[in-house]
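What follows is a single structure, written as structure tokens, with notes after it.
Nothing in this text is a laboratory measurement; each read-out follows from the coordinates by a stated rule. Since the structure is predicted, the reported quantities are computational estimates derived from the model, not experimental observations. A quick note on method: Cβ atoms are made from the backbone with ideal geometry, for glycine too, and the neighbour counts reach across all protein chains shown.
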Amino acid sequence: MPLHADHLPGRRNFLQTAVAGTLLLPASVQGQVQESRKKTSNPAEFDEPERHIPLTADADVIVCGAGPAGVAAAITAARTGARTRLFEVHGCLGGVWTAGLLTWIFDFDKPGLTREIREKLDERGARRGTGLKNFVYEPDEMKLLLEDLVTEAGVKFRLQSRVVAAYKDGNRLTTIVTESKSGREAFRAPVFIDATGDGDLGALAGCRWKIGQQAEPQTVCPCQPMTMNALAVVRDVSRMQKYISFYGGDLKWHVKATENFKEEIHRAGLESSYAMPTLFHVRDQVVLVMLNHEYGIHPYDVDALTAATVRARKEIFTIVRGLRTLGGVWEGMQVIATAEQIGVREGRRIEGRYLIQKEDLITGARHPDGVARATFGVDIHAFDRDRNRSETISHGGFKTRPYDIPLRALIAKDVDGLMMAGRCISGDFIAHASYRVTGNAVAMGEAAGVIAALAADSKRLPHEVDWSEGVQKLRQIGQRSA
């Protein structure tokens, strides 16, 4: 039987905490403006008024973040039988696939939900190329597909809702708080999954984390650059094949295509901040434009993130306008959409019960609790513009062998009842540069979803559920082949 609110540890404790006013709340559209009880002695601080907020406890599994990992986790948890809630900060499901206009998928040749998504994209005519591992898709068709899959699975999902606080009873995460147009609300569940990409929930819950090449947790360290993607329309894409990395299903032309594209940008008197500017053919006369890098930005620094977004969008328009002045194949080229969310390669990596390391990639590590086999190589984008010109992408100095991502790397070490899926799982800098692609994210989401559902149903913690149980359940619901 699923674990309900009255069975959760610390329910009375949480309600007493709420009554005592330790949840500090902004005014919402539903509330009245209140005066602060007291005035702080620090002129740079404001005492936010205390207020009670609604508490909902109708889920067995709560997933925060609806990118590739989050939707996979929510769909799988719901198909396993768990009452599932999914929260997403953007106005669509899909994260980097949709709000980020990625349009390009890596490492997707895996059993389970990856296969289902690929087949359904084909049914909708929304995929370019015949490859199983790498292909181009249409981002708005992906939005619709994910909404259909989540709805059919019975997931309760909310868009434009951000997780802003996390509360524990002892060492167990029991409650999150979200902010949306409906105001501030609390939600309880036996198990939570952090699929925010940047490890927001893990950080709020008090987990240790790292970013970039830092040796110690929570220290400032350079990380891989961000990239804003854009869609553009051209007059005749068939005349642009020499500049397009993915045309007709062939990626072998990628490096030469980027060199050709870069020469044209230079001919327009410009230089892209990414030394391998790339075009992908999305459909008809629509192409993806990827030519921007924003260096040294941490995704949790909102001022830096804002400035990077503004710079990136301006660079895209500047270069497209410059190309248009060249005429020929570039005549009439026009940006039709820039991404709502700048693409983030690196955020927090939450400390888990296993740390995936460089050695795992070198040896091709195998684990009895391996939830996915990663085959994508190390992909480290230069940390600054000068290095970008000489070595745009590093592969770590070794050849990656296919390796397992173990379930333990998806289970938080510091906080009970919390799992991770996607690029915020537990790994070092080098390993992260391989497993962060979205094919792996979907497989991780499946694993987190099924284990979270089994844990909630049996009143266990995720680390108490053996992966063999998860495999058996995935086969029962038809997401993994025998």
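Compare the peptides 435-443, 325-333 by average per-residue count of other Cβ atoms within 10 angstrom and give them in order, highest first.
Descending mean neighbour count gives 435-443, 325-333.
Compute the orientation-averaged projected area for segment 109-220 from the convex hull of its Cα atoms and round it to one decimal in nm². Walk me through the numbers on the way to the answer.
Details: hull surface 41.6 nm².
Result: a mean projected hull area of 10.4 nm².
Going 7 Å from the Cα of Asp301 in the Cα-to-Cβ direction, what parts of segment 338-357 have a backbone nitrogen less than 17 Å from that spot?
Of the residues in segment 338-357, 342-349 have backbone N under 17 Å from the label point off Asp301.
Please compute the volume of the convex hull spanned by the alpha-carbon atoms of the chain and report it per residue in Å³.
155 Å³
Relative to the Cα centre, what is the charge dipole magnitude of segment 230-338, using +1 at the beta carbon of each Lys and Arg, -1 at the beta carbon of each Asp and Glu, and rounding to the nearest 20 debye?
Values: 13 positive and 12 negative charges, 61 e Å.
In total the dipole reaches around 300 debye.
For the peptides 90-99, 395-404, 418-427, 376-385, what is the packing order when you average, over each peptide's residues, the other Cβ atoms within 10 Å and list the highest mean first?
Final packing ranking: 418-427, 90-99, 376-385, 395-404.
Which one, Val302, Gly377, Gly67, projects farthest toward the positive side of the charge dipole computed for the chain from Cβ point charges (K/R +1, D/E -1)?
Gly377
At 222 nm, what helix-only mean residue ellipticity would the chain give, in deg cm²/dmol to the nearest 500, using -39500 (n - 2.57) for each DSSP H run of four or more?
-9000 deg cm²/dmol
With a Förster radius of 45 Å, plug the Cβ-Cβ distance of Lys252 and Lys314 into 1/(1 + (r/R0)^6) and report the FRET value to the nearest 0.05.
E(calc), rounded to 0.05, equals 0.85.
How large is the convex hull of the C-alpha atoms of segment 345-455 per residue, in Å³? All intermediate terms of the calculation are to be shown ahead of the outcome.
Working: hull volume 10.0 nm³, N = 111.
Once divided by residue count, the hull of segment 345-455 is 90 Å³.
Starting from 0.36 nm per residue, how many nanometres of slack lie between His266 and Arg475 once their C-alpha separation is accounted for?
69.9 nm
Just list whichever of Lys120/Lys181; Lys210/Lys358; Lys168/Lys459; Lys110/Lys473; Lys242/Lys399; Lys110/Lys459 have alpha carbons separated by over 21 Å in the model shown. Don't jump to the answer; show the numbers that get you there.
On the way: Lys120/Lys181 33 Å; Lys210/Lys358 15 Å; Lys168/Lys459 17 Å; Lys110/Lys473 17 Å; Lys242/Lys399 29 Å; Lys110/Lys459 30 Å.
Going by Cα-Cα distance, Lys120/Lys181; Lys242/Lys399; Lys110/Lys459 fall outside the 21 Å limit.
Label Ile362 and Thr151 with points 7 Å out from Cα along Cα→Cβ: what is the distance between them in nm?
5.1 nm
How long, wide and thick is segment 135-176, going by the Cα atoms along their three principal axes, in whole angstroms, largest first?
45, 22, 21
Bin width 5 Å, alpha-carbon pairs only: give the P(r) of segment 230-338 as whole percents, running from 0 to the bin holding the largest distance.
Taking all Cα pairs of segment 230-338, the binned fractions are 2, 13, 22, 25, 18, 10, 6, 3, 0 percent.
How long is the gain from Val164 to Glu464 if the chain were fully straight, where each residue apart is worth 0.36 nm and the alpha carbon distance is subtracted?
So the chain would gain 105.2 nm between Val164 and Glu464.
Peptides 71-83, 50-62: what's the order by average Cβ count within 10 Å, highest mean first?
71-83, 50-62
Can you give the extra length, in nm with one decimal, that the chain gains between Ser390 and Phe46 once fully stretched, where that is 0.36 nm per residue apart less the Cα-Cα distance?
Contour length minus Cα-Cα distance gives 119.0 nm.
Treating the beta-carbon of each Lys and Arg as +1 and of each Asp and Glu as -1, no other charges, what is the dipole magnitude of the chain about its Cα centre, to the nearest 20 debye?
Result for the chain is approximately 340 debye, rounded to the nearest 20.
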